[in-house]
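The values are calculated or read from the model by the stated rules, or taken from the named source; none is laboratory data. Everything quoted here is computed from the prediction, not taken from an experiment. Ideal geometry is used to build each Cβ from the backbone, glycine not excepted, and the neighbour counts take in all protein chains shown.
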Amino acid sequence: MKSFAFVLSILAVMGLAFWAYGENYKTQRALSEVESLQGQIGQLRETRAVLRAEWAYLNRPDRLADLVGMNFASLGLVPLAAVQFGRVEQISYPRPDALPSELQLGPITGAVTVSAPANAPVPAEDMLIP
């Protein structure tokens, strides 16, 4: 019985050694793969930095102004200036009586639903916007 236990323990140690050997190689393979991926990530980051620098170089305001000048005949682009923007008071809104009859809305006479649960149906008369 003692020799059986001794042989069994030797087989168990050999089995565990074989398992540990396999795990060691799996771990080394995974570490080399991680190292390879980190190298690829570094190369992609470097490429991204170069592309960002090229984009910044190509989008220089003086270069874009020169391109606009060279292509003015075909594109008709002009530089933006502050005088091209207006104030809200300068916007001419149509008079309410000048709107077509289907767009003219009367005063609000009933209650208006401001909020409701997400799954609650909204009556059609509450969906009108004045």
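Just one of the listed residues (S3, S9) is polar (S, T, N, Q), more than 45 Å from the chain's Cα centre (by Cα), assigned to a helix (DSSP H, G or I) and surrounded by 10 or more Cβ atoms within 10 Å (Cβ to Cβ), and it is S9. Just one residue in the set S9, S36 is of a type in the set (S, T, Y) and at pLDDT 95 or above; that residue is S36. Against the test of being touching a helix residue (DSSP H, G or I) at 6+ places or on another chain (Cβ under 9 Å) and without any contact (Cβ under 8 Å) to a residue 24 or more places away in the chain, the options V50, V34, V78 yield a single qualifying residue, V78. If the condition is being surrounded by 10 or more Cβ atoms within 10 Å (Cβ to Cβ), among the charged types (D, E, K, R) and under 30 Å from L80 (Cα atoms), then the stretch 16-69 contributes R52, E54, R60, R63, D66. Using the structure shown, decide if A73 is surrounded by 10 or more Cβ atoms within 10 Å (Cβ to Cβ), aliphatic (A, V, I, L, M), modelled with pLDDT of 65 or more and not in a loop (DSSP other than H, G, I, E, B). In short, no. Kindly indicate whether any position in the stretch 24-32 is not hydrophobic (A, V, I, L, M, F, W, C) and not in a helix (DSSP H, G or I). No, there is no match, as no residue in the stretch 24-32 is not hydrophobic (A, V, I, L, M, F, W, C) and not in a helix (DSSP H, G or I).
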